[in-house]
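Visitor: Pasting a structure below so you can have a look.
What follows draws every value from the coordinates through simple rules; no lab data is involved. Please read all numbers here as calculations on a predicted model, not as lab measurements. Note that each Cβ is placed from the backbone with ideal geometry, even for glycine, and that neighbours are counted across all protein chains shown.
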Amino acid sequence: MIRHCVFVKFRADVSTTERAAIHADLSALRGLIDGMGAVHFSANVSPEPFARGFTHGFTIDFGDAAARDAYLVHEAHQKAGARLVAALDGGTDGLMVFDLETAGA
């Protein structure tokens with residue numbers, strides 16, 4: 001399984017409503033991409049001082065690397081990703097992506 005971890009720095013002027021719409025766009029991809037599983041969103045709740053300005057994050061579980069790769073190039077992901085990047089402080093500078101290979105859920 002691949003756990004796709006995304007950490008973001010939303011611009012201060014991005015509303016809670018817009019963040020929720022971005023999350024909904026990304027969650028809706030589950031119905032379009034085979035092998036795309038659970039999607040989880042949250043604000044950073046860590047008490048540790050190491051967030052480096054990243055305020056929110058989400059994870060997406062994929063059955064395997066092929067499913068993740070299909071997601072990366074999917075037109076709907078490209079559209080949802082562009083909306084996300086437009087809402088970030090510094091565009092792609094406000095984004096960090098890290099994929100972990102896990103044993104599965």
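Visitor: Using θ = phi - 60° and the Karplus curve 6.51 cos²θ - 1.76 cosθ + 1.60, what whole-Hz ³J(HN,Hα) does each residue of the range 45-53 get, with Gly and Pro shown as x?
Guide: Those phi angles translate into 10, 6, x, 6, x, 10, 6, 6, x Hz.
Visitor: Still on this model: Ala86 versus His74, label points 7 Å from Cα toward the beta carbon: distance in nm?
Guide: Rounded to a tenth, the inter-label distance reads 2.0 nm.
Visitor: Moving on to the next point. With no solvent and one point on each alpha carbon, what is the Debye value of log10 I(q)/I(0) for the range 14-66 at q = 0.16 Å⁻¹?
Guide: These q points yield log10 I(q)/I(0) values of -0.60.
Visitor: Another one. List the residues, sorted by chain then number, that are 5 or more residues from Asp64 or on another chain and whose placed amide H is less than 5 Å from its amide H.
Guide: For Asp64, whose amide H was placed from the backbone, the distant partners under 5 Å are Ile2.
Visitor: If Lys and Arg each add +1 and Asp and Glu each add -1, what is the summed charge of the other residues whose beta carbon sits under 13 Å from the beta carbon of Ala70?
Guide: Residues near Ala70 contribute -2 overall.
Visitor: So how much slack lies between Arg52 and Leu32, counting 0.36 nm per residue of separation and subtracting their Cα-Cα distance, in nm?
Guide: Net length gain for the segment: 3.9 nm.
Visitor: Could you list which residues have their amide H under 5 Å from that of Phe10, counting only those 5 or more apart in sequence or on another chain, with H placed in the peptide plane?
Guide: Thr55, His56, Asp89
Visitor: When the scattering of the chain is computed by the Debye formula from its Cα atoms alone, each counted once and equally, what is log10 I(q)/I(0) at q = 0.11, 0.19, 0.21 Å⁻¹?
Guide: Summing over Cα pairs of the chain leads to -0.33, -0.97, -1.17.
Visitor: Under a 10 Å cutoff between Cα atoms, tell me which one of Phe62, Phe50, Phe41 has the largest fluctuation in the Gaussian network model of the chain.
Guide: In this elastic network of the chain, the residue with the biggest mean-square fluctuation among Phe62, Phe50, Phe41 is Phe50.
Visitor: Which whole-Hz ³J(HN,Hα) couplings does the range 90-95 yield from phi under the Karplus relation 6.51 cos²θ - 1.76 cosθ + 1.60, θ = phi - 60°, glycine and proline marked x?
Guide: x, x, 5, 5, x, 9
Visitor: Another one. Could you give each residue of the range 10-22 its phi-based ³J(HN,Hα) in whole Hz, using Karplus coefficients 6.51, -1.76, 1.60 with θ = phi - 60°, and x for Gly or Pro?
Guide: Going residue by residue, I get 5, 4, 4, 8, 7, 6, 4, 5, 5, 4, 5, 5, 5 Hz, with x marking Gly and Pro.
Visitor: With unit charges on the beta carbons (Lys and Arg positive, Asp and Glu negative) and the dipole taken about the Cα centre of the range 2-101, which residue among Ala67, His40, Thr16 sits farthest to the positive side?
Guide: Ranked along the dipole, the leading option is Thr16.
Visitor: Taking only DSSP H segments of four or more residues, each worth -39500 (n - 2.57), what value at 222 nm results for the chain once the sum is divided by all its residues, to the nearest 500 deg cm²/dmol?
Guide: Counting only the DSSP helices, I get -10000 deg cm²/dmol.
Visitor: Another question, if that's okay. Please give the net charge around Gly91, taking every other residue with its beta carbon less than 13 angstrom from that of Gly91, where Lys and Arg add +1 and Asp and Glu add -1.
Guide: Once all neighbours under 13 Å are counted, the net charge is +1.
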